[in-house]
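Take a look at the structure set out below.
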Amino acid sequence: MRAIIPVAGVGSRLRPHTYTVPKVLLNVGGKPIIGHILDKVIENGFTEATIIVGYLGEMIKDYVLGNYKIKVDFVEQEERLGLGHAIYLSRHTFSRTPILIILGDTIFDVDLKAMIALDSSVLGVKQVDDPRRFGVAETTNGYISRVVEKPENPTSNLAIIGLYYIKQPDLLVQSLREIIKSNIRTRGEFQLTDALQMMIERGEKFKTFDIQGWYDCGKPETLLSTNRHLLDSNPLMPTSNDVLVKPPVFVSPEAVVKNSVIGPYTTIAAGAHVENSVIRNSIVSEGAKVADALLEDSIVGSNATVRGSYKRINIGDSSELEFY
Ligand code: G1P
């Protein structure tokens with residue numbers, strides 16, 4: 001089966017990091033977000049993927065081709081016209097066999113095999129207190145009766161959380177085509193949710209699948225909380241004896257850490273160099289240098305340098321900070 005993974009977005013809430021790195025390549029729990037997504041897809045038996053790139057797409061292509069053997073088709077979305085438009089652009093990469101659409105800004109802890117074993121199309125959902133920033137699903141007699149994109153007055157608190165199992169991709173493509181041809185936009189964009197609603201009106205059956213493990217990576221606080229979650233289930237230890245580790249942490253074997261206290265909840269990526277520092281609840285990205293620093297709740301971009309003490313920072317790639 002094929003997974004369709006749209007990752008064209010700019011990731012503006014994660015600036016400055018996303019000025020130089022696309023959101024899905026940000027390191028969380030020891031590898032890029034898209035690495036977690038692809039691992040999950042492969043582990044669940046998928047053999048093909050379509051990745052829809054846009055902003056800094058070449059970097060995503062290089063990462064995926066350099067690290068994964070799964071058959072991948074890349075599609076470019078040049079204009080940011082919405083998720084529905086992105087999926088429509090990728091239509092030549094799938095046919096009539098079912099597909100799974102999996103949004104690229106979230107890491108899911110889900111049994112995909114159970115989800116796709118249902119006898120209808122399926123939307124991953126979660127009950128949330130305030131569903132207004134999501135697509136929302138209403139159900140009747142066990143099936144979804146209506147979906148609405150980011151309603152001002154939601155009549156259900158079941159949020160659509162970015163996992164869509166589509167049994168009849170040709171009906172989806174037909175619905176997207178109609179939406180685009182008739183210029184039906186919601187909030188200025190061609191929405192996948194609007195195409196799903198059209199499919200429902202045409203008789204396609206959708207069930208909901210409750211997803212509890214849903215870890216957002218869209219802003220610095222949620223990137224750090226997702227980092228915490230991933231480290232909880234995958235603690236790795238560095239070996240050096242002048243380093244005190246408070247698990248869980250991830251320290252890449254290709255990082256150098258000296259005379260420091262690392263953790264809890266800290267990722268030190270490959271090529272990073274940490275010395276005389278105390279770092280907790282933070283992500284130190286590829287090639288970054290941290291020395292003589294006390295860092296907490298911080299994200300240090302690739303190849304950035306931090307020297308001297310400070311507490312909480314969010315510093316982009318190739319920056320330099322010295323506090324002496
Ligand atoms: C998209 C979908 C929305 C869904 C959300 C999940 O919105 O359009 O229906 O609830 O993803 O994250 P976005 O977050 O891209 O605005």
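The values are calculated or read from the model by the stated rules, or taken from the named source; none is laboratory data. The model shown is predicted, which means the values in this text are computed figures rather than measured ones. Neighbour counts run over all protein chains shown; Cβ positions are idealised from the backbone, glycine included.
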Looking at (1) touching a Pro at 6+ places or on another chain (Cβ under 8 Å); (2) not in a strand (DSSP E or B), find the lone condition where residue 10 falls short. (1)
Which residues, counting only those in the stretch 103-144, are within 11 Å of the ligand (Cβ to nearest atom) and under 11 Å from residue 165 (Cα atoms)? 123, 124
Got a sec? Which of 106, 47, 93, 140 is touching a strand residue (DSSP E or B) at 6+ places or on another chain (Cβ under 9 Å), closer than 20 Å to residue 218 by Cα and among the hydroxyl-bearing types (Ser, Thr, Tyr)? 106
Could you tell me whether the stretch 52-72 includes any residue that is under 28 Å from residue 285 (Cβ atoms), more than 16 Å from the ligand (Cβ to nearest atom) and touching a residue at least 40 places away in the same chain (Cβ under 8 Å)? yes
Of the numbered conditions (1) out of contact with any His (no Cβ under 8 Å at 6 or more places or on another chain); (2) more than 11 Å from the ligand (Cβ to nearest atom), residue 186 fails exactly one; give the number of that condition. (2)
State yes or no: is residue 170 surrounded by fewer than 20 Cβ atoms within 10 Å (Cβ to Cβ), modelled with pLDDT of 95 or more, at negative phi and away from the ligand (no atom under 13 Å from the Cβ)? yes
Which numbered condition trips up residue 2, out of (1) within 16 Å of the chain's Cα centre (by Cα); (2) away from the ligand (no atom under 16 Å from the Cβ); (3) buried (at least 17 other Cβ atoms within 10 Å of the Cβ)? (1)
Among the residues in the stretch 63-75, are any assigned to a loop (DSSP other than H, G, I, E, B), in contact with a Gly (Cβ under 9 Å, 6 or more places away or on another chain) and surrounded by fewer than 20 Cβ atoms within 10 Å (Cβ to Cβ)? yes
Among the residues of the stretch 77-87, are any modelled with pLDDT of 95 or more, within 25 Å of residue 224 (Cα to Cα) and touching a helix residue (DSSP H, G or I) at 6+ places or on another chain (Cβ under 7 Å)? no
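Yes/no matrix, rows are residues, columns are (1) at pLDDT below 95; (2) over 21 Å from the mean Cα position of the chain (by Cα); (3) of a type in the set (Gly, Ala, Ser); (4) within 12 Å of residue 300 (Cβ to Cβ):
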site	(1), (2), (3), (4)
222	yes, no, no, no
229	yes, no, no, no
232	yes, no, no, no
235	yes, no, no, no
239	yes, yes, no, no
244	yes, yes, no, no
248	yes, yes, no, no
254	yes, yes, no, no
272	no, yes, yes, yes
Of all the residues that make up the stretch 189-209, how many are assigned to a loop (DSSP other than H, G, I, E, B) and within 14 Å of the ligand (Cβ to nearest atom)? 2
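For (1) of a type outside the set (A, V, I, L, M); (2) under 17 Å from residue 163 (Cβ atoms), each residue gets a yes or a no:
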position: 10; (1), (2): no, no
position: 34; (1), (2): no, yes
position: 40; (1), (2): yes, yes
position: 58; (1), (2): yes, no
position: 75; (1), (2): no, no
position: 83; (1), (2): no, yes
Which one is surrounded by the most Cβ atoms within 10 Å (Cβ to Cβ), of the residues in the stretch 91-101 that are more than 11 Å from the ligand (Cβ to nearest atom) and within 19 Å of the chain's Cα centre (by Cα)? 99
